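Data block below; observations after.
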Number of protein chains: 2
Amino acid sequence: MSKFGLYNKFMTKEGKRDELVGILLEAAASMEQVTDCEIYSVNVSDNEPESVWVYEVWSSAGAHQASLSLEGAAALIGRAMPLIAGVERIHTLTPVGGKGIS
Amino acid sequence: MSKFGLYNKFMTKEGKRDELVGILLEAAASMEQVTDCEIYSVNVSDNEPESVWVYEVWSSAGAHQASLSLEGAAALIGRAMPLIAGVERIHTLTPVGGKGIS
C-alpha cells in the first residue's frame with residue numbers, strides 16, 4: 001500500500017499566523033503516538049507572512065482520513081477555523097522514501 | 001538560528017522519473033549520518049508522472065549549502081542532471097516544528 005503525502009497551504013486572517021502555527025503544532029504533538037503519521041511538519045515563510053505550510057506523510061490515505069476523527073481533532077479544527085482565510089491543497093503526493101520516512 | 005526548509009520539483013525527461021527517484025533516494029541515504037539534515041523526503045504523484053518532489057528540512061541554510069559539497073554529492077548530481085528537464089524551487093520555508101522535526 002502506498003504512503004500518502006500532503007502539502008497544504010493555510011492562508012490566515014491578518015495577524016493570526018502565529019496563533020494558527022501554535023494550534024498546528026498542537027496537532028503535530030497529538031500525532032506523536034499515531035504511528036501512521038510519519039511526518040507532520042509546520043512551516044512559515046518570510047515571503048508570505050500570513051501563510052502556513054504543512055507537509056504530512058501518512059502510512060495510507062485511509063490513515064490520514066481516520067485521523068480527522070481522532071479524539072481532540074475536532075476541537076483543534078474548531079479553534080483553527082476562525083483564524084483561516086483559505087486553504088490550498090498544493091499537492092497530494094506518494095512519498096516513496098528518504099530520510100525521515102520509514 | 002532558524003531551520004531551513006525546501007520544497008523542490010524536478011521535471012524529468014520522458015521515462016526517466018524512476019531512475020531519478022533512485023538517485024534521490026541514494027542522496028537521502030547519504031544524509032542518514034548528516035545530523036543537520038532532518039528530513040529528505042522523495043515524492044511522486046499520479047497526476048504528474050514525469051515529476052519528483054523533494055521536501056527537505058535542514059538545521060540551517062548554511063548546512064544545506066555545505067551539503068552540496070559533501071563527498072559523493074557531485075557524483076550524484078552528475079548522474080541526475082542528464083535525467084532532469086527542469087527544476088522548480090516551489091518554496092523556501094522556515095520549518096517551525098512538528099512530528100519528524102527535532
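The values are calculated or read from the model by the stated rules, or taken from the named source; none is laboratory data. Fair warning: this is a prediction, and the values are worked out from it, not measured in the lab. A quick note on method: Cβ atoms are made from the backbone with ideal geometry, for glycine too, and the neighbour counts reach across all protein chains shown.
Annotations for the structure displayed:
- Single condition B:Asp36 does not satisfy, out of (1) among the acidic types (Asp, Glu); (2) under 16 Å from B:Thr94 (Cα atoms); (3) within 10 Å of chain A (Cβ to nearest Cβ): (3)
- Every residue from the stretch B:1-15 that is within 25 Å of A:Val42 (Cβ to Cβ) and in a loop (DSSP other than H, G, I, E, B): B:Met1, B:Ser2, B:Lys3
- A Cβ distance below 9 Å, combined with a sequence gap of six or more or placement on separate chains, defines the contacts here; from the stretch A:1-20, residues that are in contact (Cβ under 8 Å) with a residue 12 or more places away in the chain reach residues that are of a type in the set (A, V, I, L, M) and in a loop (DSSP other than H, G, I, E, B) in the pairs A:Lys3/A:Ile101.
- None of B:Leu70, B:Leu83 is of a type outside the set (Ser, Thr, Tyr), within 14 Å of another protein chain (Cβ to nearest Cβ) and either more than 26 Å from A:Phe10 (Cα to Cα) or surrounded by fewer than 20 Cβ atoms within 10 Å (Cβ to Cβ) (or both) except B:Leu70.
- Only one of the numbered conditions (1) within 25 Å of B:Val96 (Cβ to Cβ); (2) within 11 Å of chain A (Cβ to nearest Cβ); (3) modelled with pLDDT of 95 or more is not met by B:Ser60, and that is (2).
- Candidates A:Val96, A:Val54, filtered to the one that is within 8 Å of chain B (Cβ to nearest Cβ), of a type in the set (Val, Ile, Thr) and closer than 16 Å to B:Val96 by Cα: A:Val54
- A:Glu14 meets all of the listed conditions (1) of a type in the set (Asp, Glu); (2) within 14 Å of chain B (Cβ to nearest Cβ); (3) surrounded by fewer than 21 Cβ atoms within 10 Å (Cβ to Cβ) but one, namely (2).
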